[in-house]
Amino acid sequence: MMKSAGSILLTVILCSTAAAQPAIIPRLGRAPHRPAQTYELLKGYLSDPLRGGFFKIVRGDSAKLLVVERDSIDDKNWNDWAYCKLGPAQLLYKLKDGRAAITVKISPSGRSFSEVSVTANLTGIYALGSSETIAQCVSKGVLENRVLRAVGATPQNT
């Protein structure tokens with residue numbers, strides 16, 4: 001009897017831990033350009049400080065994969081892009097730094113189109129005085145949809 005109660009407790013703990021982890025959900029769209037052109041458009045958009053504002057291109061790979069990062073995200077954009085669940089002890093904390101890493105995968109779709117998949121990994125650093133906490137945040141989809149629209153793709157899962 002003790003053994004089954006222990007395994008039930010372990011299962012409940014593991015399930016609640018898994019449920020607490022934020023999910024990274026890809027946003028999909030179909031761009032009216034071939035993959036190489038879609039890649040170049042995205043690279044230009046994301047690196048433009050007035051439009052995409054992603055300063056560091058981490059990886060680019062033959063018009064199929066683009067990974068970019070950005071930090072020092074302002075409060076307005078952060079509030080539009082991310083939901084960060086903080087514990088009761090951190091309710092008074094303020095955003096110190098928001099960080100985003102975007103992964104874009106591009107694949108051919110017909111003769112003149114591209115399938116585009118965009119995911120955003122968002123991390124918030126919150127502080128109150130000298131206390132800090134790091135939160136893995138959930139994307140609201142706004143950032144990914146902006147990236148898709150930059151290449152003329154209509155987001156499919158909004």
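Every read-out reported here was derived from the displayed coordinates using simple, explicitly stated rules and does not represent laboratory data. Keep in mind the model is a prediction, meaning the values are calculated, not measured. Cβ placement follows ideal geometry from the backbone for every residue including glycine, while neighbour counts extend to all protein chains displayed.
Taking θ as phi - 60° and the Karplus parameters 6.51, -1.76 and 1.60, the scalar couplings of region 109-123 work out to 8, x, 6, 10, 10, 9, 8, 10, 10, 10, 10, 10, 10, 10, 10 Hz in sequence order, x denoting glycine and proline.
Given a Förster radius of 22 Å and the C-beta distance between residue 37 and residue 156 as r, what FRET efficiency does 1/(1 + (r/R0)^6) yield to the nearest 0.05?
Rounded to the nearest 0.05, the efficiency is 0.65.
Counting neighbouring Cβ atoms within 10 Å and putting the fewest first, the residues 25, 106 line up as 25, 106.
Put simply, the amide H of residue 53, placed in the peptide plane, has neighbours under 5 Å in 48, leaving out anything fewer than 5 places away on its chain.
Between residue 89 and residue 57, the modelled labels are 4.3 nm apart [label points 7 Å from Cα along Cα→Cβ]. Here's the picture: a label point sits 7 Å out from the Cα of residue 107 along the beta-carbon direction, and within region 26-41 the residues with their amide nitrogen under 18 Å of it are 26-39.
Proximity of backbone amide H atoms, modeled 1.01 Å from N, is registered between residue 65 and 106 at under 5 Å, excluding neighbours fewer than 5 places apart on the same chain. Beyond 19 Å, what percent of the Cα pairs of region 27-150 remain? The answer is 49 percent, as a whole percent.
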